[in-house]
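Student: Here it is: the structure, laid out below.
The values are calculated or read from the model by the stated rules, or taken from the named source; none is laboratory data. Everything quoted here is computed from the prediction, not taken from an experiment. We place every Cβ from the backbone using ideal geometry, glycine too, and count neighbours over all the protein chains shown. When the accessible area is computed, the model is the full protein with side chains, heavy atoms only, and any ligands, DNA or RNA have been set aside. Shrake-Rupley method; radii C 1.70, N 1.55, O 1.52, S 1.80 Å.
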Amino acid sequence: MSTAGGTWADERLYPGLKTHTTLGSYEYSDLPMTEDYGVKPGGHIPGQVVCDYLKHYIAKFDLGRRIRCNTKVTTVERLQEIDQWRITTDAHSTIICDKLIIATGLMAEPFIPTIPGMDSFGAPVVHTRDMRENAPKVLETASSVTVYGGRKSAQNAVHYFASNGVKVHWVIRESGHGCGWLASTKPVIPSLALDRIPFIRTVSALSPCIWGNADGQSWLRGFLHETRFGRWITKGFWSSVTNQLLAQNRYDSDPKLQKLKPRCGYGLGLHLVQLWTLTDSAYHVCSVFWTGSTAGGLNFSTDFFALVKSDMVDVHIADITQLSAKTIHLSNGDTINTDALICCTGWRSTPSFKLLPEGMERDLGMPYRSDEVDVLADKASKEILSRFPMLTDQPTTAASAEIVRDEHATRPFRLYRFIAPPTNVFNRSVAWMGMLGIRAASEPEALWCVAYLTGKLVLDKKTPEERERSGVTFEDERMWETVLATQFCRLRAPAGYGNRFPDLTFDIMPYFDVLLHDMGLETRRKTSVLRERFTPYSAQDYRGIVDEWVAKIGHGSVKIQTS
């Protein structure tokens, strides 16, 4: 791409694209996104504003000279004999480095499922990544399009085409989780919308979390998740949030809107909704509790639900089984005549470059194939479920609802603290960034990554004597904590992306606390106890953590390269 920004780069923007989060929640602490950017408090941020903000950030801190645009990495090779990495690009240039950060993120490589008959379809097949380039062309020639998918990118595509006068057939997989939750800026708890509640400590305590005690609320978490009365309160909270969204979106006001309810089988979603609301007989509404980062913002320029109810949109709950000449065949026997297929089918979470020598995936923490029984993962799941009985009531559709994106891998990403490889095979020479399913800049994550790579971060807190008495090596402990965290993500957000990568939406605050604890930095960063407990955190609360870290390890210990 010709500009930095990934999802928010110039090439990826299209009319109507906005953040799910609101002003103040999507910025870096050393460059606040003020109202000067044209966004009002409480408003969602247009994609072009995010792009401009990133350009301003790059200019302010002179990062442009360190960025190579229009360059694709083709191979990453470990030079074991000299403890370095060699990166080769599509321009046949080579970079040799001592330290490597893989920051390709989770939305770099588009995924388009293989559908029988695609070769004879005879109409454009467009992934949402290419909306900017191809959507205007489709608008010029199409009288109808088919949008395949149910989450936010599909909702954006439906709105884009229907609001521009093109008939939309919206196909949401029957075998999937249904449409993703849509949340407005209206409060789901007093004074706060859905996108802000994960950043409030007291609310965060209502989410079962294996590293939750890092936030200093162990007594509250113990009550909420280890006692019957506490679990009743917790379930009631998530039921209330779910029902607030159901009421705000008025799904039952129209047969087409009823089809947009997020679905799950028997599980917490069923029990909560049956206890507190009436449910549709065809399927059961999936509680927000299980859905992780799949909830999107009602950030459209016009009334989205009114558009869906109009004649411009038809909603189909079915799978696409086959394509033929400008025709889509559905699993329910229906066919759709269409002029284009818009695939809102997500992304491959693994990088597209080739690794050399082959077979490093396991040590790097990447998905890989193994036909052996995953004994450690089974042990981790049992421990998690014994600590948090609420998680035993999993939605029954979760295991089969995800489209298979990698038929070869049987193990997910396994990264220590979701950043470092699970072993020290590479001598702290490589780390990952941007692997979290959250929608906020993570400065604690970035600082931990740099501290780890520079060798200044002490991971093993035990003395040699304590380690010997424990009978467990740090390498084994590190692997166990990594597997435990990975399995927790799978169990915590099965109707989100927890099966593929860390989907930490409701557990992000204690995760940041873990990282700060590792570095010996202050976790409680508000000015009073009340603010600490009941006001949402933002990037500005982490302002100054780099200076705090440098002061802690000694100014002379860190060399800041300026050229």
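Student: Any residue at all in segment 488-500 that is open to solvent by 20 Å² or more (accessible area, probe 1.4 Å), more than 27 Å from Thr350 (Cα to Cα) and in a loop (DSSP other than H, G, I, E, B)? If you could, list the steps in order and put the result at the bottom.
Tutor: At the first step, the residues of segment 488-500 found to be open to solvent by 20 Å² or more (accessible area, probe 1.4 Å) are 490-491, 497, 499-500.
From the residues that got through so far, the ones that are more than 27 Å from Thr350 (Cα to Cα) too are none.
No: segment 488-500 contains no residue that is open to solvent by 20 Å² or more (accessible area, probe 1.4 Å), more than 27 Å from Thr350 (Cα to Cα) and in a loop (DSSP other than H, G, I, E, B).
Student: Right, next: On the given criteria, is Leu206 crowded, with 21+ Cβ neighbours inside 10 Å and without any contact (Cβ under 8 Å) to a residue 24 or more places away in the chain?
Tutor: On the way: crowded, with 21+ Cβ neighbours inside 10 Å: yes; without any contact (Cβ under 8 Å) to a residue 24 or more places away in the chain: no.
When the stated conditions are applied, Leu206 does not pass them.
Matching residues to (1) under 26 Å from Val285 (Cα atoms); (2) surrounded by 16 or more Cβ atoms within 10 Å (Cβ to Cβ):
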position	(1), (2)
Val313	yes, yes
His316	yes, yes
Thr327	no, yes
Thr345	yes, yes
Glu358	no, no
Asp371	no, no
Glu383	no, no
Phe388	yes, yes
Leu391	yes, yes
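Student: Quick one: would you say Lys72 is open to solvent by 50 Å² or more (accessible area, probe 1.4 Å) and closer than 20 Å to Ser301 by Cα?
Tutor: Working: open to solvent by 50 Å² or more (accessible area, probe 1.4 Å): yes; closer than 20 Å to Ser301 by Cα: no.
In short, no.
Student: Please verify whether Ser175 is among the polar types (S, T, N, Q), modelled with pLDDT under 95, open to solvent by less than 40 Å² (accessible area, probe 1.4 Å) and more than 14 Å from Ala340 (Cβ to Cβ), treating the condition exactly as stated. Walk me through how you get there before you give the answer.
Tutor: Numbers: among the polar types (S, T, N, Q): yes; modelled with pLDDT under 95: yes; open to solvent by less than 40 Å² (accessible area, probe 1.4 Å): no; more than 14 Å from Ala340 (Cβ to Cβ): yes.
No; evaluated as a whole, the condition is false for this residue.
Student: Moving on to the next point. If a residue must be modelled with pLDDT under 95 and of a type in the set (Val, Ile, Thr), how many such residues does segment 329-351 contain?
Tutor: 2
Student: Looking only at residues that are open to solvent by 30 Å² or more (accessible area, probe 1.4 Å) and of a type in the set (Val, Ile, Thr) in segment 211-235, which one is nearest to the chain's Cα centre (by Cα)?
Tutor: Ile233
Student: Right, something else. In this structure, is Ala9 small (Gly, Ala, Ser), open to solvent by less than 50 Å² (accessible area, probe 1.4 Å) and at pLDDT below 90?
Tutor: no
Student: What pairs come out if I take residues in segment 237-255 that are touching a residue at least 60 places away in the same chain (Cβ under 8 Å) and pair them with residues that are open to solvent by 10 Å² or more (accessible area, probe 1.4 Å) and among the hydroxyl-bearing types (Ser, Thr, Tyr) whose C-beta lies under 7 Å away, six or more apart or interchain?
Tutor: From residues that are touching a residue at least 60 places away in the same chain (Cβ under 8 Å), the pairs are Gln248/Ser184.
Student: Further question on the same structure: Just one of Ala409, Ala401 is surrounded by 14 or more Cβ atoms within 10 Å (Cβ to Cβ), at pLDDT below 85, aliphatic (A, V, I, L, M) and touching a His at 6+ places or on another chain (Cβ under 6 Å); which is it?
Tutor: Values: Ala409 fails: touching a His at 6+ places or on another chain (Cβ under 6 Å).
Every option except Ala401 fails the conditions.
Student: What residue, among those in segment 22-60 that are of a type in the set (Ser, Thr, Tyr) and crowded, with 20+ Cβ neighbours inside 10 Å, is farthest from the chain's Cα centre (by Cα)? I'd like the intermediate steps shown before the answer.
Tutor: So the first thing to find is which residues in segment 22-60 are of a type in the set (Ser, Thr, Tyr), and the list is 22, 25-26, 28-29, 34, 37, 53, 57.
This time we only want the ones that are crowded, with 20+ Cβ neighbours inside 10 Å, so: 22, 25-26, 53.
Details: Thr22: 17, Ser25: 15, Tyr26: 14, Tyr53: 21 Å.
Of everything passing the filter in segment 22-60, Tyr53 is farthest from the chain's Cα centre (by Cα).
Student: I would also like to ask the following. Identify all residues within segment 122-145 that are among the hydroxyl-bearing types (Ser, Thr, Tyr) and crowded, with 24+ Cβ neighbours inside 10 Å; write none if there are none. Write out each step before concluding.
Tutor: As a first pass, look at segment 122-145 and keep what is among the hydroxyl-bearing types (Ser, Thr, Tyr): 128, 141, 143-144.
Selection gives Thr128 alone.
Student: Anything in segment 424-472 that is in contact with a helix residue (DSSP H, G or I) (Cβ under 6 Å, 6 or more places away or on another chain), surrounded by fewer than 17 Cβ atoms within 10 Å (Cβ to Cβ) and either assigned to a helix (DSSP H, G or I) or of a type in the set (Val, Ile, Thr) (or both)? List them, or say none.
Tutor: Val425, the sole residue that qualifies.
Student: Look at segment 340-365 and say how many of its residues are of a type outside the set (Val, Ile, Thr) and assigned to a strand (DSSP E or B).
Tutor: Just the residues of segment 340-365 that are of a type outside the set (Val, Ile, Thr), to begin with: 340-341, 343-344, 346-349, 351-365.
This time we only want the ones that are assigned to a strand (DSSP E or B), so: 341, 343, 347-348, 354-356.
Of the residues in that region, 7 qualify.
Student: Can you spot a residue in segment 295-304 that is modelled with pLDDT of 90 or more, crowded, with 17+ Cβ neighbours inside 10 Å and out of contact with any helix residue (DSSP H, G or I) (no Cβ under 8 Å at 6 or more places or on another chain)?
Tutor: Yes, that holds for at least one residue.
Student: Can you tell me which of (1) touching a residue at least 12 places away in the same chain (Cβ under 8 Å); (2) under 20 Å from Pro116 (Cβ atoms); (3) outside any strand (DSSP E or B) is the one Gln322 doesn't meet?
Tutor: Here Gln322 meets the rest and fails (3).
Student: Restricted to segment 88-107, and to residues that are in a loop (DSSP other than H, G, I, E, B) and without any contact (Cβ under 8 Å) to a residue 60 or more places away in the chain, which residue is most open to solvent (accessible area, probe 1.4 Å)? Let's see the steps before the verdict.
Tutor: Step one: list which residues in segment 88-107 are in a loop (DSSP other than H, G, I, E, B), which gives 90-93, 98-99, 103-107.
Of the ones still in play, those that are also without any contact (Cβ under 8 Å) to a residue 60 or more places away in the chain are 90-93.
Values: Asp90: 79, Ala91: 72, His92: 161, Ser93: 37 Å².
Once the filter is applied, the top-ranked residue is His92.
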